[in-house]
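**Q** Let me begin by handing over the structure; questions about it come next.
The values are calculated or read from the model by the stated rules, or taken from the named source; none is laboratory data. These figures come from a predicted structure and were not determined experimentally. No Cβ is skipped: glycine too gets one built from the backbone with ideal geometry, and neighbour counts run over all protein chains shown. Note: areas computed on protein heavy atoms with side chains; ligands, DNA, RNA excluded. Shrake-Rupley method; radii C 1.70, N 1.55, O 1.52, S 1.80 Å.
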Amino acid sequence: MNVLQEKLMELRRKAFENVESAEDLKNLQDLRVRFLGKKGPITEILKGMGKLSKEERPVIGQLANDVRNAIGNIIDTKKAELEQKLLEKELENEKIDVTLPGRKIRTGSHHLLASVIREVEDLFIGLGFSVAEGPEVEEDYYNFEALNLPKDHPARDMQDSFYITDEILMRTHTSPMQARTLEAHKGKGPVKIICPGKVYRRDTDDATHSHQFMQIEGLCVDKHIRLSDLKGVLTVFAKHIFGEDREIRLRPSFFPFTEPSVEMDISCFRCGGHGCAVCKGTGWIEILGAGMVHPNVLRMSGFDPSVYTGFAFGMGPERIAMLKYGIEDIRHFYTDDIRFLNQFRRA
Ligand code: PHE
(Lines give C-alpha, C1' and ligand atoms only; values in the text may rest on other atoms or scores of the structure.)
Protein backbone atom coordinates (compact mmCIF):
# COMPACT_ATOMS: atom_id res chain seq x y z
CA MET A 1 0.00 0.00 0.00
CA ASN A 2 1.38 3.37 -0.87
CA VAL A 3 1.08 6.55 1.08
CA LEU A 4 -2.07 7.79 -0.65
CA GLN A 5 -3.85 4.51 -0.18
CA GLU A 6 -2.96 4.54 3.47
CA LYS A 7 -4.10 8.12 3.76
CA LEU A 8 -7.44 7.29 2.15
CA MET A 9 -8.00 4.29 4.40
CA GLU A 10 -7.10 6.41 7.41
CA LEU A 11 -9.56 9.10 6.25
CA ARG A 12 -12.22 6.46 5.89
CA ARG A 13 -11.55 5.11 9.35
CA LYS A 14 -11.57 8.54 10.94
CA ALA A 15 -14.69 9.59 9.10
CA PHE A 16 -16.55 6.44 10.17
CA GLU A 17 -15.47 6.94 13.74
CA ASN A 18 -16.53 10.60 13.79
CA VAL A 19 -19.84 9.94 12.06
CA GLU A 20 -20.57 7.14 14.45
CA SER A 21 -20.26 9.44 17.42
CA ALA A 22 -21.96 12.49 15.83
CA GLU A 23 -24.61 13.74 18.19
CA ASP A 24 -26.76 15.99 16.06
CA LEU A 25 -27.44 17.06 12.51
CA LYS A 26 -25.29 20.14 12.77
CA ASN A 27 -22.40 17.98 13.89
CA LEU A 28 -23.00 15.65 10.99
CA GLN A 29 -23.15 18.43 8.44
CA ASP A 30 -19.81 19.74 9.72
CA LEU A 31 -18.31 16.29 9.18
CA ARG A 32 -19.68 16.14 5.65
CA VAL A 33 -18.02 19.43 4.85
CA ARG A 34 -14.84 18.43 6.60
CA PHE A 35 -14.40 15.12 4.80
CA LEU A 36 -16.22 15.54 1.50
CA GLY A 37 -16.25 19.32 1.00
CA LYS A 38 -14.53 21.18 -1.86
CA LYS A 39 -11.60 21.92 0.39
CA GLY A 40 -11.65 18.51 2.01
CA PRO A 41 -8.81 15.92 1.85
CA ILE A 42 -10.53 13.58 -0.62
CA THR A 43 -11.22 16.37 -3.10
CA GLU A 44 -7.61 17.33 -2.64
CA ILE A 45 -6.44 13.86 -3.54
CA LEU A 46 -8.74 13.66 -6.55
CA LYS A 47 -7.50 17.03 -7.73
CA GLY A 48 -3.93 15.81 -7.54
CA MET A 49 -4.58 12.79 -9.73
CA GLY A 50 -2.84 14.46 -12.67
CA LYS A 51 0.45 14.18 -10.90
CA LEU A 52 0.19 10.44 -10.43
CA SER A 53 1.68 7.80 -12.64
CA LYS A 54 -0.44 6.04 -15.24
CA GLU A 55 -0.60 2.86 -13.15
CA GLU A 56 -1.42 4.56 -9.92
CA ARG A 57 -4.10 6.83 -11.28
CA PRO A 58 -6.95 4.30 -11.77
CA VAL A 59 -6.18 2.51 -8.52
CA ILE A 60 -6.08 5.63 -6.40
CA GLY A 61 -8.98 7.16 -8.34
CA GLN A 62 -11.09 4.09 -7.75
CA LEU A 63 -10.20 3.97 -4.10
CA ALA A 64 -10.78 7.69 -3.55
CA ASN A 65 -14.24 7.40 -5.15
CA ASP A 66 -15.06 4.34 -3.09
CA VAL A 67 -13.97 6.05 0.11
CA ARG A 68 -15.93 9.17 -0.81
CA ASN A 69 -19.05 7.11 -1.54
CA ALA A 70 -18.65 5.06 1.61
CA ILE A 71 -18.31 8.18 3.77
CA GLY A 72 -21.26 9.77 1.94
CA ASN A 73 -23.36 6.68 2.56
CA ILE A 74 -22.57 6.40 6.19
CA ILE A 75 -23.32 10.09 6.70
CA ASP A 76 -26.69 9.64 4.93
CA THR A 77 -27.48 6.64 7.06
CA LYS A 78 -26.52 8.46 10.22
CA LYS A 79 -28.54 11.48 9.11
CA ALA A 80 -31.67 9.39 8.68
CA GLU A 81 -31.05 7.87 12.08
CA LEU A 82 -30.64 11.25 13.79
CA GLU A 83 -33.70 12.64 12.04
CA GLN A 84 -35.74 9.69 13.19
CA LYS A 85 -34.54 10.19 16.75
CA LEU A 86 -35.38 13.88 16.57
CA LEU A 87 -38.87 13.09 15.32
CA GLU A 88 -39.39 10.55 18.08
CA LYS A 89 -38.29 13.09 20.65
CA GLU A 90 -40.67 15.68 19.25
CA LEU A 91 -43.52 13.21 19.27
CA GLU A 92 -42.67 12.33 22.83
CA ASN A 93 -42.73 16.01 23.83
CA GLU A 94 -45.99 16.66 22.05
CA LYS A 95 -47.69 13.63 23.47
CA ILE A 96 -51.10 14.49 24.87
CA ASP A 97 -52.17 12.66 27.95
CA VAL A 98 -55.83 12.23 27.21
CA THR A 99 -56.40 10.82 30.69
CA LEU A 100 -55.51 14.15 32.37
CA PRO A 101 -58.55 15.86 33.84
CA GLY A 102 -59.65 18.88 31.79
CA ARG A 103 -59.17 22.42 32.90
CA LYS A 104 -62.39 23.65 34.45
CA ILE A 105 -63.99 26.47 32.54
CA ARG A 106 -65.88 28.79 34.82
CA THR A 107 -69.05 29.95 33.20
CA GLY A 108 -71.06 32.96 34.18
CA SER A 109 -74.69 32.77 35.10
CA HIS A 110 -77.55 35.15 35.48
CA HIS A 111 -77.72 37.22 38.61
CA LEU A 112 -80.67 36.12 40.72
CA LEU A 113 -82.45 39.40 40.07
CA ALA A 114 -81.95 39.02 36.34
CA SER A 115 -83.45 35.52 36.59
CA VAL A 116 -86.49 36.76 38.48
CA ILE A 117 -86.99 39.59 36.00
CA ARG A 118 -86.72 37.19 33.08
CA GLU A 119 -89.19 34.84 34.66
CA VAL A 120 -91.69 37.67 35.07
CA GLU A 121 -90.96 38.99 31.58
CA ASP A 122 -91.47 35.56 30.03
CA LEU A 123 -94.81 35.20 31.75
CA PHE A 124 -96.08 38.56 30.58
CA ILE A 125 -94.73 38.12 27.06
CA GLY A 126 -96.83 34.97 27.04
CA LEU A 127 -99.83 37.10 27.99
CA GLY A 128 -99.24 39.41 25.02
CA PHE A 129 -97.27 42.14 26.75
CA SER A 130 -94.11 43.57 25.28
CA VAL A 131 -91.07 44.68 27.23
CA ALA A 132 -90.17 48.36 27.23
CA GLU A 133 -87.28 50.12 28.86
CA GLY A 134 -86.94 53.76 29.77
CA PRO A 135 -84.41 56.23 31.11
CA GLU A 136 -83.16 56.10 34.67
CA VAL A 137 -82.34 59.79 34.53
CA GLU A 138 -85.85 61.12 34.18
CA GLU A 139 -87.70 64.37 33.81
CA ASP A 140 -89.71 65.59 36.76
CA TYR A 141 -92.63 65.76 34.34
CA TYR A 142 -92.76 62.01 33.65
CA ASN A 143 -91.71 60.92 37.12
CA PHE A 144 -94.35 63.02 38.89
CA GLU A 145 -96.46 65.47 36.96
CA ALA A 146 -97.75 63.23 34.18
CA LEU A 147 -98.57 60.69 36.90
CA ASN A 148 -100.90 63.05 38.69
CA LEU A 149 -98.53 63.63 41.57
CA PRO A 150 -99.26 67.10 42.88
CA LYS A 151 -96.43 69.60 43.31
CA ASP A 152 -96.48 69.22 47.07
CA HIS A 153 -96.29 65.42 47.04
CA PRO A 154 -93.72 64.22 49.61
CA ALA A 155 -91.88 62.09 47.03
CA ARG A 156 -90.97 65.29 45.22
CA ASP A 157 -89.06 66.41 48.27
CA MET A 158 -85.33 66.87 47.77
CA GLN A 159 -84.94 64.65 50.82
CA ASP A 160 -86.50 61.66 49.11
CA SER A 161 -85.26 61.80 45.53
CA PHE A 162 -81.89 62.20 43.84
CA TYR A 163 -82.29 65.44 41.91
CA ILE A 164 -79.80 66.32 39.20
CA THR A 165 -81.33 69.69 38.37
CA ASP A 166 -84.66 71.20 39.41
CA GLU A 167 -86.33 69.42 36.51
CA ILE A 168 -84.27 66.23 36.23
CA LEU A 169 -83.86 63.42 38.74
CA MET A 170 -83.08 59.73 39.06
CA ARG A 171 -86.46 58.10 38.59
CA THR A 172 -88.01 57.05 41.89
CA HIS A 173 -90.14 54.35 40.26
CA THR A 174 -90.73 52.78 36.84
CA SER A 175 -94.17 54.39 36.57
CA PRO A 176 -92.88 57.24 34.35
CA MET A 177 -92.84 54.56 31.65
CA GLN A 178 -96.64 54.53 31.87
CA ALA A 179 -96.73 58.17 30.79
CA ARG A 180 -93.95 57.80 28.24
CA THR A 181 -95.52 54.73 26.63
CA LEU A 182 -99.01 56.21 26.54
CA GLU A 183 -97.69 59.43 25.04
CA ALA A 184 -95.82 57.51 22.35
CA HIS A 185 -98.91 55.42 21.58
CA LYS A 186 -101.57 58.09 21.53
CA GLY A 187 -103.93 57.58 18.63
CA LYS A 188 -102.46 54.13 18.00
CA GLY A 189 -104.79 51.98 20.10
CA PRO A 190 -104.13 49.58 22.92
CA VAL A 191 -100.96 49.34 24.97
CA LYS A 192 -99.65 46.32 26.87
CA ILE A 193 -96.17 46.63 28.28
CA ILE A 194 -94.06 45.66 31.18
CA CYS A 195 -91.02 47.69 32.07
CA PRO A 196 -88.24 46.36 34.29
CA GLY A 197 -85.53 48.71 35.46
CA LYS A 198 -83.54 50.39 38.18
CA VAL A 199 -85.04 53.06 40.42
CA TYR A 200 -83.47 55.36 43.00
CA ARG A 201 -84.54 56.77 46.34
CA ARG A 202 -82.65 58.61 49.03
CA ASP A 203 -82.88 55.84 51.58
CA THR A 204 -80.19 54.80 53.99
CA ASP A 205 -79.19 51.28 53.04
CA ASP A 206 -80.11 48.58 55.51
CA ALA A 207 -81.48 45.05 55.40
CA THR A 208 -84.73 46.14 53.76
CA HIS A 209 -83.77 49.43 52.07
CA SER A 210 -81.47 50.20 49.21
CA HIS A 211 -80.94 53.59 47.58
CA GLN A 212 -81.11 51.80 44.24
CA PHE A 213 -83.35 48.85 43.55
CA MET A 214 -85.42 47.35 40.76
CA GLN A 215 -89.04 47.55 39.77
CA ILE A 216 -91.18 45.93 37.13
CA GLU A 217 -93.98 48.11 35.91
CA GLY A 218 -96.98 46.74 34.07
CA LEU A 219 -99.46 48.71 31.99
CA CYS A 220 -102.45 47.59 29.99
CA VAL A 221 -104.69 50.18 28.34
CA ASP A 222 -107.48 49.35 25.92
CA LYS A 223 -111.21 49.73 25.55
CA HIS A 224 -113.20 47.90 28.25
CA ILE A 225 -110.31 47.05 30.57
CA ARG A 226 -111.69 46.45 34.04
CA LEU A 227 -110.47 45.80 37.55
CA SER A 228 -111.40 42.15 37.06
CA ASP A 229 -108.85 41.99 34.21
CA LEU A 230 -106.21 43.25 36.60
CA LYS A 231 -107.23 40.67 39.15
CA GLY A 232 -107.09 37.89 36.57
CA VAL A 233 -103.64 38.86 35.34
CA LEU A 234 -102.29 39.21 38.88
CA THR A 235 -103.72 35.80 39.83
CA VAL A 236 -101.91 34.19 36.90
CA PHE A 237 -98.75 36.02 37.93
CA ALA A 238 -98.99 34.96 41.60
CA LYS A 239 -99.54 31.32 40.72
CA HIS A 240 -96.77 31.32 38.13
CA ILE A 241 -94.17 32.81 40.46
CA PHE A 242 -95.22 31.49 43.85
CA GLY A 243 -97.04 28.24 43.04
CA GLU A 244 -100.33 26.96 41.70
CA ASP A 245 -102.01 26.96 45.11
CA ARG A 246 -101.64 30.69 45.66
CA GLU A 247 -104.68 32.86 46.06
CA ILE A 248 -104.59 36.62 45.88
CA ARG A 249 -106.51 39.37 47.60
CA LEU A 250 -106.72 43.04 46.75
CA ARG A 251 -106.79 45.63 49.52
CA PRO A 252 -107.75 49.25 48.97
CA SER A 253 -104.75 51.55 48.80
CA PHE A 254 -103.74 54.89 47.35
CA PHE A 255 -101.49 55.95 44.49
CA PRO A 256 -102.00 59.33 42.79
CA PHE A 257 -101.80 57.71 39.33
CA THR A 258 -104.38 54.95 39.84
CA GLU A 259 -108.01 55.06 40.86
CA PRO A 260 -109.05 52.87 42.48
CA SER A 261 -105.69 51.77 43.88
CA VAL A 262 -105.03 48.40 45.45
CA GLU A 263 -102.35 46.43 47.11
CA MET A 264 -102.12 42.78 46.23
CA ASP A 265 -101.40 40.10 48.80
CA ILE A 266 -100.81 36.44 48.09
CA SER A 267 -101.73 33.62 50.41
CA CYS A 268 -98.60 32.62 52.27
CA PHE A 269 -96.60 30.06 50.27
CA ARG A 270 -94.91 28.85 53.44
CA CYS A 271 -97.87 28.03 55.65
CA GLY A 272 -100.64 28.08 53.07
CA GLY A 273 -102.49 30.79 54.98
CA HIS A 274 -102.54 29.47 58.53
CA GLY A 275 -100.03 32.00 59.80
CA CYS A 276 -96.25 31.69 60.19
CA ALA A 277 -93.11 33.81 60.48
CA VAL A 278 -92.96 34.55 56.75
CA CYS A 279 -96.47 36.07 56.71
CA LYS A 280 -96.13 37.40 60.25
CA GLY A 281 -99.05 35.32 61.37
CA THR A 282 -101.53 36.88 58.94
CA GLY A 283 -101.57 34.18 56.27
CA TRP A 284 -101.04 36.87 53.61
CA ILE A 285 -97.96 38.45 52.08
CA GLU A 286 -97.97 41.88 50.46
CA ILE A 287 -96.51 41.68 46.97
CA LEU A 288 -97.24 44.75 44.88
CA GLY A 289 -99.17 47.95 44.24
CA ALA A 290 -101.63 48.31 41.39
CA GLY A 291 -104.78 49.99 40.25
CA MET A 292 -106.83 51.34 37.37
CA VAL A 293 -104.97 54.03 35.47
CA HIS A 294 -106.18 57.41 36.70
CA PRO A 295 -108.26 59.33 34.11
CA ASN A 296 -105.93 62.31 34.54
CA VAL A 297 -102.94 60.17 33.56
CA LEU A 298 -104.72 58.92 30.44
CA ARG A 299 -105.83 62.40 29.52
CA MET A 300 -102.42 64.02 30.02
CA SER A 301 -100.84 61.45 27.69
CA GLY A 302 -103.46 61.87 24.99
CA PHE A 303 -105.88 59.02 25.71
CA ASP A 304 -109.59 59.79 26.08
CA PRO A 305 -110.61 58.29 29.46
CA SER A 306 -114.22 57.99 28.30
CA VAL A 307 -113.04 55.54 25.61
CA TYR A 308 -109.95 53.94 27.14
CA THR A 309 -109.38 52.41 30.53
CA GLY A 310 -106.48 50.42 31.86
CA PHE A 311 -104.68 48.90 34.75
CA ALA A 312 -101.15 49.28 36.01
CA PHE A 313 -99.04 47.55 38.59
CA GLY A 314 -95.58 47.88 40.01
CA MET A 315 -93.60 45.22 41.79
CA GLY A 316 -90.16 44.85 43.32
CA PRO A 317 -88.14 41.89 42.02
CA GLU A 318 -85.91 42.05 45.11
CA ARG A 319 -88.90 41.53 47.33
CA ILE A 320 -90.10 38.65 45.18
CA ALA A 321 -86.66 37.01 45.27
CA MET A 322 -86.27 37.61 49.01
CA LEU A 323 -89.61 36.00 49.76
CA LYS A 324 -89.16 33.14 47.36
CA TYR A 325 -85.63 32.23 48.41
CA GLY A 326 -85.64 33.33 52.04
CA ILE A 327 -83.05 36.06 51.55
CA GLU A 328 -82.91 38.25 54.63
CA ASP A 329 -80.91 41.23 53.41
CA ILE A 330 -81.54 43.27 50.24
CA ARG A 331 -77.88 44.32 50.19
CA HIS A 332 -76.90 40.79 49.13
CA PHE A 333 -78.18 41.63 45.65
CA TYR A 334 -75.76 44.49 45.26
CA THR A 335 -72.58 43.53 47.07
CA ASP A 336 -71.58 40.89 44.50
CA ASP A 337 -70.46 38.24 46.94
CA ILE A 338 -69.89 35.32 44.58
CA ARG A 339 -70.73 32.84 47.35
CA PHE A 340 -74.19 34.35 47.60
CA LEU A 341 -74.71 34.55 43.85
CA ASN A 342 -73.48 31.01 43.20
CA GLN A 343 -76.33 29.59 45.23
CA PHE A 344 -78.74 30.70 42.54
CA ARG A 345 -77.01 29.39 39.45
CA ARG A 346 -79.45 27.72 37.16
CA ALA A 347 -78.53 24.32 35.81
N1 PHE B 1 -95.01 53.18 41.35
C2 PHE B 1 -95.55 52.60 42.55
C3 PHE B 1 -94.45 52.52 43.62
O4 PHE B 1 -93.31 52.74 43.29
C5 PHE B 1 -96.09 51.21 42.31
C6 PHE B 1 -97.31 51.24 41.41
C7 PHE B 1 -97.14 51.06 40.05
C8 PHE B 1 -98.58 51.36 41.91
C9 PHE B 1 -98.25 51.04 39.22
C10 PHE B 1 -99.69 51.35 41.11
C11 PHE B 1 -99.51 51.19 39.76
O12 PHE B 1 -94.71 52.22 44.75
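**Q** For the stretch 133-223, please list each of the strands (runs of 3 or more DSSP E) lying entirely inside it that holds at least 1 residues being in contact with a His (Cβ under 6 Å, 6 or more places away or on another chain) and more than 12 Å from the ligand (Cβ to nearest atom).
**A** Correct list: 191-200.
**Q** I would also like to ask the following. Looking at the stretch 248-269, which of its residues are polar (S, T, N, Q) and either open to solvent by 20 Å² or more (accessible area, probe 1.4 Å) or within 16 Å of the ligand (Cβ to nearest atom) (or both)?
**A** Residues satisfying the conditions are Ser253, Thr258, Ser261.
**Q** May I ask you to verify whether Asp304 is assigned to a loop (DSSP other than H, G, I, E, B), closer than 24 Å to Tyr141 by Cα, open to solvent by 40 Å² or more (accessible area, probe 1.4 Å) and of a type in the set (Asp, Glu)?
**A** yes
**Q** Here is a follow-up. Out of Ile320, Ile285, which single residue is under 41 Å from the mean Cα position of the chain (by Cα) and within 16 Å of the ligand (Cβ to nearest atom)?
**A** Ile320 is the lone residue from the list that is under 41 Å from the mean Cα position of the chain (by Cα) and within 16 Å of the ligand (Cβ to nearest atom).
**Q** Here's another thing I want to ask about it. Taking the stretch 323-347 as the search range and keeping residues that are away from the ligand (no atom under 16 Å from the Cβ) and among the β-branched types (Val, Ile, Thr), which one is most open to solvent (accessible area, probe 1.4 Å)?
**A** Residue satisfying both the conditions and the ranking: Ile338.
**Q** Something else about it: Tell me which residues, restricted to the stretch 150-183, are touching a strand residue (DSSP E or B) at 6+ places or on another chain (Cβ under 9 Å) and aliphatic (A, V, I, L, M).
**A** Residues satisfying the conditions are Ile164, Ile168, Leu169, Met170, Met177, Leu182.
**Q** I would also like to ask the following. In the stretch 13-48, which residue that is in contact with a Leu (Cβ under 9 Å, 6 or more places away or on another chain), aliphatic (A, V, I, L, M) and part of a helix (DSSP H, G or I) is farthest from Gln62 (Cα to Cα)?
**A** Leu25
**Q** Which one of these is in a helix (DSSP H, G or I) and either open to solvent by 10 Å² or more (accessible area, probe 1.4 Å) or not assigned by TED's automatic domain parsing to the domain that holds Gly316 (or both): Asp229, Asp245?
**A** Asp229
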